[in-house]
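The structure appears below as structure tokens.
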Amino acid sequence: MGALTLDAPELEFPRLVFHGLAFLQLSEPGNLNHRAYQHWCASALPPDAYRALEEDAELISARLTSASVPLHALVHAAPSVASFRSAPFTSAKLPQPLRGVDPVGLELFDIALRRCADPFAEAIAGMPPAPETPRLDEVRRLLREFEKVNLRPVHAVRSLGPRGRGYPHVIYVGWAGFLGLDEDTPAAITLHEELVMNAPDSSYAVAERYALQRARELPLSAPLRGAHERWLSSLDLTGLV
């Protein structure tokens with residue numbers, strides 16, 4: 001069975017950043033706003049874990065709206081929540097994609113995340129881990145056999161919902177069984193993210209088209225094929241297909 005890890009210490013800061021991005025309304029591609037997740041926060045988390053983000057989301061979004069993709073680099077801007085608490089985002093320490101992002105917007109986002117960090121981490125730490133995702137083993141086999149690459153570590157993040165984000169050494173996907181996401185869709189998203197990163201051209205549109213076409217060509221099982229098609233049908237692919 002394929003396990004989506006949730007409770008590793010190195011996930012504490014990435015899931016805080018994704019938590020924050022779920023409250024912002026930014027431009028596409030890269031917008032991670034998730035209204036259903038926001039409603040879940042209001043019903044399942046203490047107010048201090050999200051209220052600062054909720055209150056300042058409109059102002060922060062207005063400052064950062066065109067930086068939706070660069071903001072994803074914040075996920076690895078600090079090694080832990082503890083280190084983030086001790087040092088705010090600064091231009092000298094930020095990953096390269098963020099060097100030209102509006103500094104006031106980043107500071108506002110930093111402040112809101114900082115106010116939510118401890119309550120959010122404490123609340124999430126007491127919740128059950130992510131469930132098994134059975135099709136991950138199939139994705140691992142397909143990648144090795146047909147793409148000649150190994151599957152990166154895959155981590156479940158509630159706030160991503162039906163989305164995924166791939167990085168050179170890790171993939172983050174939504175959580176099976178959470179807010180209506182079925183058990184096979186995280187594996188389908190994982191496959192897509194891996195194919196995007198394995199594309200011969202890294203530009204957004206070309207890489208996305210490559211991943212879509214390659215998934216059609218690979219011999220996916222019926223459950224994984226069905227999950228992939230259901231997931232695609234939920235997306236706005238204007239300009240890609």
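Couple of notes before you dig in:
- Computed 3J(HN,Hα) for the range 135-141, one whole-Hz value per residue from the Karplus formula 6.51 cos²θ - 1.76 cosθ + 1.60 where θ = phi - 60°, is 7, 4, 5, 5, 4, 4, 5, glycine and proline marked x.
- Note on the range 136-233: percent of Cα-Cα distances in each 10 Å bin, starting at 0 and stopping at the bin with the largest distance, equals 17, 54, 28, 1.
- Burial ordering of L160, L136, fewest other beta-carbon atoms within 10 Å first: L136, L160
- Computed E for E122/N198 - FRET, C-beta separation, R0 41 angstrom, nearest 0.05: 0.60
- Nearest 10 degrees, 0 to 90: helix 204-217 Cα axis against the chain principal axis: 40
- Here r is the Cβ-Cβ distance between A205 and S43 and R0 is 45 Å; the resulting FRET efficiency, rounded to 0.05, is 0.75.
- Each Cα pair under 8 Å and six or more residues apart adds its separation to the average, and for the chain the resulting relative contact order is 20 percent.
- Packing-based exposure ordering (other Cβ within 10 Å, fewest first) of S80, S203: S203, S80
- In degrees, nearest ten, helix 51-64 long axis to first principal axis of the chain (Cα): 80
- Helix 222-233 axis, angle to the chain major axis (alpha carbon atoms, nearest 10°): 50
- Value in Å of the Kirkwood radius, where the chain supplies the Cα pairs that are averaged: 18.4
- Remark: spin-label model distance R230-E58 equals 3.7 nm, labels positioned 7 Å along the Cα→Cβ axis.
- GluC sites (Glu not before Pro) restricted to DSSP loop in the range 137-206 with at most 15 other C-beta within 10 Å: E183
- Oblate is the label for the range 10-125. Its Cα gyration tensor axes, ordered a ≥ b ≥ c, give a/c of at least 1.5 and b/c at or above a/b.
- Counting every other Cβ atom within 10 Å of each residue's Cβ, E107, E58 order from fewest to most as E58, E107.
Computed from the coordinates by the stated procedures, all read-outs in this text should not be read as laboratory data. Since this is a predicted model, take the numbers as computed values, not measurements. In this analysis, Cβ positions are derived from the backbone assuming ideal geometry, glycine residues included, and neighbour counts consider all displayed protein chains.
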